[in-house]
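Trainee: Questions regarding the structure given below will be posed in turn.
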Amino acid sequence: MKIIYKKNFEQEPTPLLFPYFEGGKALPEYLQKWYDELIENKIANHKANEHFRYFSFTENTPKETIIWSLGKKTESASAKVRNSLALAIKFIRNHPCPQIALAWSEDFNAYAREIGEALALANYSLEIHKTGEGKKEAEEKIIQKLTIVCAEMDRVAKYDFEEGLKIGLAVNFARHLINGPSNLIHPESFAQHAKDVASENGYKIEVFNTKDLEKMKMGALLGVNKGSQFQAQLVVMQYLPLGKRQDPLILIGKGITFDTGGLNLKPTAGIEDMKKDMSGAAVVLGVFKLLKELDIKQNVIGIMPLTDNAVDAKALKPTDIVTSYSGITIEINNTDAEGRLILADAISYAVKNLHPSSIIDIATLTGACMVALGDIYAGMLGNNDRLKERLKNAGNETDELVWELPIHENHRKAMKGHLTDLINADGSGLAGASTAAAFLEEFVEKNDWVHLDIAGPAIPKKLKDYDFNKSGTGYGVRLLTRFLQNLK
Ligand code: BES
Ligand code: ZN
Ligand code: ZN
């Protein structure tokens, strides 16, 4: 989307979107009279997302204006503004109008980042594989050019607005990977995307393939990969603006490009969502799209363990035993608990080789977490209260919410093996998010660590206004980026 700034909107040839807070800054005269009449006659009220189209035939006004109510301007309206504006953009896209103008009132300066995010997020398109007429139609529904009528936009707001746009586009990049089917976005092609991000930004990157991982004895990741037609990949990407002055923060994302469940095969219903089981890895790569662009002053290393979890004669069988990179032995008593296996080796890689200041992993890890918290909150578990507090604050600021769940001694006990050090799944069906985290904790050793289980918000049942049916959300890019920006 091309953005143009213009001081005033006289003779603006494109439809003008005029978002408006109840009791906020007055509308221009030609609208105010008309709008007041609508309110007076009870045709309109001030409810958020109520909208009215006004067509004018005078020379000095836009031909078409869409007044969009944002509801009341309250202290904590930022999430509401993001949502409401996203709906306005979707409304416009459905008409469709490839070019629009947005009237920026002084009221918006405080929400500039959210508005930028909303514009980018709501302009996302899933329909990239269509051809012919379908392709044309899909492209017409993308807003190509946006004129901001910006007389009342201040300098800080412009900066924040543009930052919001960049963040929104990075989320869309993550969504693109997440929504890619597993025959197109597989471990090897995902790794290529990571290489592209690295070369665009000058990041150091290492990509280990199956052969390398065999030499390294990454038995847990390789175990999951045994049934795959693709090579496993471990991507390690470094952004170290502070050089040796700071130990790196490690971000690890689960990269299962399709989770069939393995021989503990998943049921048919809902299995198509399992192309999104690499949401964690896509989110980490989305964050890396932003680190340099937003000039984040933190050393960050991203680790993305990648494979699919497939069914094959060579695939792991329930009761198989693997030795992880750490040396810890694991009985695979459920091949569908594969995410924790690949994360375990990624965590150990960080612990052994990277001297972390702390570790955050993000993963669509358990259905249990979704059952416990629904799709609004990610589950947050870990061993460091300060880190958790910071993530919680970043979540509240970005409306990518997290809620803490416990790890109890009993959860740890539940993951101990009879034949091996650990089992990968406790069969009780109880506290599944906690036992999964207890398993991961065994690999963390003495490091500060938080685990984010995003099964709910990454693949939600109920969509937020800036999300799309059948699309992964990219939940986590905004949360982790804000978390990093707040670390000073
Ligand atoms: N990828 C799934 C978890 C998941 C389910 C994410 C639904 C998003 C939506 C994960 O690999 C899995 O299958 N977990 C099992 C663990 C169990 C076997 C201990 C689960 O949650 O059932
Ligand atoms: Zn699984
Ligand atoms: Zn999975």
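The values are calculated or read from the model by the stated rules, or taken from the named source; none is laboratory data. What you see is a predicted model; the values in this text were computed from it and never measured. Methodologically, a virtual Cβ is constructed for each residue, glycine included, from the backbone with ideal geometry; neighbour enumeration extends over all protein chains shown. All accessible areas refer to the heavy atoms of the entire protein, side chains included, with ligands and DNA or RNA removed. Shrake-Rupley method; radii C 1.70, N 1.55, O 1.52, S 1.80 Å.
Trainee: Considering the alpha-carbon set of region 27-103 alone, what are its Rg and its Dmax in angstrom?
Mentor: Here Rg and the maximum Cα pair distance are 13.3, 39 Å.
Trainee: Ranked highest first by average number of other Cβ atoms within 10 Å, how do 357-363, 249-255 line up?
Mentor: Those peptides, ordered most packed to least, come out 249-255, 357-363.
Trainee: May I pose another question? Mind ordering 296-309, 463-476 by average Cβ neighbours within 10 Å, highest first?
Mentor: Sorting 296-309, 463-476 by mean packing, highest first, produces 296-309, 463-476.
Trainee: Kindly provide the helix-only [θ] at 222 nm of the chain, computed as the sum of -39,500 (n - 2.57) over DSSP H runs of four or more divided by all residues, to the nearest 500 deg cm²/dmol?
Mentor: When only DSSP H runs of four or more count, the value is -11500 deg cm²/dmol.
Trainee: Now for a different question. For region 271-287, what does the Karplus curve 6.51 cos²θ - 1.76 cosθ + 1.60, with θ = phi - 60°, yield as ³J(HN,Hα) per residue in whole Hz, taken in order and with x for Gly and Pro?
Mentor: Those phi angles translate into 5, 4, 5, 6, 5, 8, 6, 9, 4, x, 5, 5, 5, 4, 5, x, 5 Hz.
Trainee: While we're here: For TYR20, TYR54, give me the order by solvent-accessible area with a 1.4 Å probe, most accessible first, ignoring ligands, DNA and RNA.
Mentor: Greatest to least solvent exposure: TYR54, TYR20.
Trainee: To check my understanding: the extent here is largest minus smallest coordinate of the Cα atoms along each principal axis. What are those three numbers for region 172-317, in Å, largest first?
Mentor: 48, 35, 21
Trainee: Note down the magnitude of the dipole of region 82-173 about its Cα centre, charges +1 on Lys and Arg C-beta and -1 on Asp and Glu C-beta and zero elsewhere, to the nearest 20 debye.
Mentor: Roughly 320 debye, rounded to the nearest 20.
Trainee: Calculate log10 I(q)/I(0) of region 353-488 for q = 0.11 Å⁻¹, where I(q) comes from the Debye formula with a single equal point scatterer on each Cα and nothing for solvent.
Mentor: Calculated log10 I(q)/I(0) at the listed q: -0.41.
Trainee: For the chain, calculate the relative contact order in percent as a whole number, restricting contacts to Cα pairs under 8 Å that are 6 or more residues apart.
Mentor: So the answer I get is 15 percent.
Trainee: When the distances between all Cα atoms of region 58-136 are binned every 10 Å from zero, what whole-number percent does each bin get?
Mentor: Final binned percentages: 15, 44, 27, 13, 2.
Trainee: What is the packing order of peptides 45-52, 281-288, 377-384, taking the mean over residues of other C-beta atoms within 10 Å and listing the highest first?
Mentor: The packing order, highest mean first, is 281-288, 377-384, 45-52.
Trainee: Note down the magnitude of the dipole of the chain about its Cα centre, charges +1 on Lys and Arg C-beta and -1 on Asp and Glu C-beta and zero elsewhere, to the nearest 20 debye.
Mentor: The calculated dipole for the chain is roughly 500 debye.
Trainee: For region 307-423, what does the alpha-carbon gyration tensor say about shape, rounded, prolate or oblate, given a ≥ b ≥ c as the root eigenvalues, a/c under 1.5 as rounded, and a/b over b/c as prolate?
Mentor: Prolate is the answer for region 307-423, as a/c is 1.5 or above and a/b outweighs b/c.
Trainee: For the chain, which whole percent of the accessible surface, found with a 1.4 angstrom probe, sits on carbon and sulfur atoms?
Mentor: 51
Trainee: In addition: Can you give me the accessible area per residue for the chain, using a 1.4 Å probe, in Å²?
Mentor: 43
Trainee: Determine how many Å³ per residue the convex hull of the Cα atoms of region 208-276 encloses.
Mentor: Measuring per residue, one finds 124 Å³ for the Cα hull of region 208-276.
Trainee: Treating only the Cα positions of the chain as identical point scatterers, give the base-10 log of I(q)/I(0) from the Debye formula at each q in 0.09 Å⁻¹.
Mentor: -0.63
Trainee: Let me ask another. Between region 1-65 and region 101-159, what is the separation of their alpha carbon centroids in Å?
Mentor: 17
Trainee: If you don't mind, there's one more thing I want to ask. In Å and whole numbers, how far do the C-alpha atoms of region 93-231 stretch along each principal axis, longest first?
Mentor: Sorted largest first, the three principal extents are 62, 40, 22 Å.
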